[in-house]
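Encoded as structure tokens, the structure appears first; notes follow it.
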Amino acid sequence: MIRRIIRKIKVSLMTDTEYAKYIGVNIGKNCKISSRGWSSEPYLITLGDNVRVAKNVCFFTHGGLIPFRAPGSDLDIFGKIIIGNKVHIGQGAYIMAGVTVGSNCIIGAGSVVTKSVPDGCVVGGNPATIISSTDAFIERAKSIDFMTKSLSIQEKKDFLLSNINDPKFIVKKEMIVK
């Protein structure tokens, strides 16, 4: 019992990246993980190099067959998840069993990825669809870049608040009533 308590404390003190490695996720170099939403088969998940997994991302490596199993049945299905190099997975995204995400991709926040994603794509939605190429997205982002990355938190706050009417701020179109 004491060993279990010590293990729980040890696990609670791990970073999310350390925890992912601890439970068996295959992780490349220079990855930043801010989620603990790993499947019950984390060893079926592979992350390439330079992958960013935001908060509340969930990975699913199995199907939802439990309520449909006949008594004594051992019916179970699985799919590996492979994430390429240089991928950002936005907050709250769901990555389903059998999905491969290519390299140089961005998965939008809240996306439900039910199909594999080719290299160099930005995807989003439920179910996720291709929005643009990553290169096109980055070019659009450059046109509205505030260049605040090297500023301190206070400097960034002061700068943004003093430029509150700058047309570079993202403004979303209004929904259309049909």
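The values are calculated or read from the model by the stated rules, or taken from the named source; none is laboratory data. In this text, all values refer to a predicted model and were calculated from it rather than measured experimentally. Please note: Cβ atoms are built from the backbone with ideal geometry, for glycine as well, and neighbour counts cover all protein chains shown. Each accessible area value is taken on the protein alone, full model and side chains, heavy atoms only, with ligands, DNA and RNA left out. Shrake-Rupley method; radii C 1.70, N 1.55, O 1.52, S 1.80 Å.
Structure data summary
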| quantity | calculated |
| --- | --- |
| In nm, spacing of pseudo-spin labels at H62 and F169 (7 Å Cα→C-beta vector) | 4.8 nm |
| Cα convex hull of region 5-106, projected area averaged across orientations, nm² | 7.4 nm² |
| Stokes-Einstein D (µm²/s) once Rh is taken as the Kirkwood radius of the chain over alpha-carbon pairs, at 25 °C in 0.890 mPa s | 131 µm²/s |
| In Hz, Karplus ³J(HN,Hα) per residue of region 168-178 (6.51, -1.76, 1.60; θ = phi - 60°; x = Gly, Pro) | 6, 4, 5, 10, 8, 5, 6, 5, 9, 7, 9 |
| Dimensionless Rg/Rh of region 47-130 - Kirkwood Rh, Rg from C-alpha atoms | 1.06 |
| Nearest-10 value in Å² for the accessible area of I144, using the 1.4 Å probe | 70 Å² |
| Pairwise FRET efficiency - S116 versus Y22, Cβ, R0 = 30 Å, nearest 0.05 | 0.65 |
| For region 73-178, radius of gyration divided by Kirkwood radius, i.e. Rg to Rh on alpha-carbons | 1.11 |
| Net length gained if the chain between I131 and T46 were fully extended (0.36 nm per residue, minus Cα distance) | 28.2 nm |
| Diffusion coefficient, µm² s⁻¹, Stokes-Einstein with Kirkwood Rh over alpha-carbon pairs of region 27-76 at 20 °C and 1.002 mPa s | 167 µm²/s |
| Fully extended contour minus Cα-Cα distance, from S73 to S150, at 0.36 nm per residue | 22.0 nm |
| Cross-link table K149/K172; K86/K157; K10/K80, entries beyond 26 Å C-alpha to C-alpha | K86/K157; K10/K80 |
| Sites A109 and K80 - FRET efficiency at Förster radius 25 Å, r taken between beta-carbons, to 0.05 | 0.55 |
